[in-house]
Amino acid sequence: MMSTTPYLEYRDITAGYNGTEVVSQVSFAVCKGQRWGVLGRNGAGKSTTLAAAVGLSQLQAGEILLNGRDIGSTPIFQRSRSGLGFVPQGRDIFPSLSVEENILVAAKNGNASEALDMAYTMFPRLKERRNNGGTQLSGGEQQMLSIARAIVTKPQVLLLDEPLEGLAPKVRQELMASITDMIDELGLACVLVEQYVDVILDFSQHVLVLESGRPVYTGPTEDLRRDHQDIIENAIGLRKL
Ligand SMILES: Nc1ncnc2c1ncn2[C@@H]1O[C@H](COP(=O)(O)OP(=O)(O)OP(=O)(O)O)[C@@H](O)[C@H]1O
Ligand SMILES: [Mg+2]
């Protein structure tokens, strides 16, 4: 039987900061077109887990592979060139630059008009605001810009860390709809971290649930929903979208 190499694979990793361990025993593999969700309470280690792939937390044991290659010692900038897109928690934009400039900085040496086209097709709102400065955007628009900046690097796998954080309920729903459309349209593989359980259960085919830095569930969303209501309720402070 032919097996396909996952785009991104965590193999029994331990990660943390300055020698202190935050998460361990995490293993999962994101294949082409797959959508993974990561759930867990504040401080459970969700961001640290994503950051380990990007190189922003310390990988202390285990391996992370991008397209089958161990990226443990790959410099951060090369990881993004190799197809890893990352939207960090909080809004990763330059407040003093316009929307357009923010997108172009992210696209770097790529085709500028292609990058702007791509960003504005995904988020028409950004086109309307293209000359606005970063600080003149609403929270939802800032988040769109942050996502657009990751998208124009043409990732194979997109890591999204709590894109809905701090947004009003209606804005959360709109942004989540845009994110889902975008991921479908681009056929991206994706890892979404959110504290909104319903969002993760609707969006993801596979889920990793973390509790105090340890996985308490790694597998299909369907099975989690059907057989493990206890995990959903215990591990997660239930938040509704
Ligand atoms: N840069 C850092 N240096 C040292 N410790 C950190 C750092 N970032 C996070 N930690 C610690 O690691 C633990 C897990 O944090 P992490 O940010 O991964 O949790 P999280 O699940 O993303 O939480 P939240 O839902 O609040 O974003 C926390 O105890 C936190 O204090
Ligand atoms: Mg976090």
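Every read-out reported here was derived from the displayed coordinates using simple, explicitly stated rules and does not represent laboratory data. Predicted, not measured: the structure shown is a model, and the values here were computed from it. As a convention, Cβ positions derive from the backbone with ideal geometry for all residues, glycine included, and neighbour counts pool all protein chains shown.
Treat every Asp and Glu Cβ in the stretch 148-234 as -1 and every Lys and Arg Cβ as +1, leave all other atoms uncharged, and give the resulting dipole magnitude about the Cα centre to the nearest 20 debye. Spell out each step's value before the answer.
On the way: 7 positive and 16 negative charges, 63 e Å.
Charge dipole of the stretch 148-234: 300 debye, to the nearest 20.
Where does the stretch 91-154 land on Rg(C-alpha)/(2.2 N^0.38 Å)? List each step's numbers first, then the result.
Values: Rg = 10.0 Å, N = 64, 2.2 N^0.38 = 10.7 Å.
Expressed relative to 2.2 N^0.38 Å, the Cα Rg reads 0.93.
When the helices in the chain are scored as -39500 (n - 2.57) per DSSP H run of 4 or longer and the sum is shared across all residues, what 222 nm value do you end up with, to the nearest 500 deg cm²/dmol? Intermediate values should be presented prior to the final figure.
Numbers: 10 runs with 92 residues, N = 241.
It lands at -11000 deg cm²/dmol.
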Checklist entry - Which value results when the Cα radius of gyration for the chain is divided by 2.2 N^0.38 Å? => result 0.98
Checklist outcome for this item: Measuring from its Cα centre, the chain shows a charge dipole (+1 at each Lys and Arg Cβ, -1 at each Asp and Glu Cβ) which, in debye to the nearest 20, is 420 debye
Checklist entry - Looking at the stretch 1-108 from every direction and averaging, what is the projected area of its Cα convex hull in nm²? => result 8.7 nm²
Checklist entry - Which is farthest toward the positive dipole end of the chain among 90, 229, 132, measuring Cα position about the Cα centre, with Cβ charges +1 (Lys, Arg) and -1 (Asp, Glu)? => result 132
Checklist entry - What's the local net charge at residue 72, with K and R +1, D and E -1, over the other residues with C-beta under 15 Å away? => result -1
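Starting from the Kirkwood radius over alpha-carbon pairs of the stretch 77-215, derive D by Stokes-Einstein at 4 °C in a medium of 1.567 mPa s and give it in µm² s⁻¹.
Details: Rh = 15.3 Å.
Approximately 85 µm²/s, per Stokes-Einstein.
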Item to check | Loop sites in the stretch 150-185: GluC sites (Glu not before Pro), DSSP, at most 16 other Cβ within 10 Å | outcome: 165
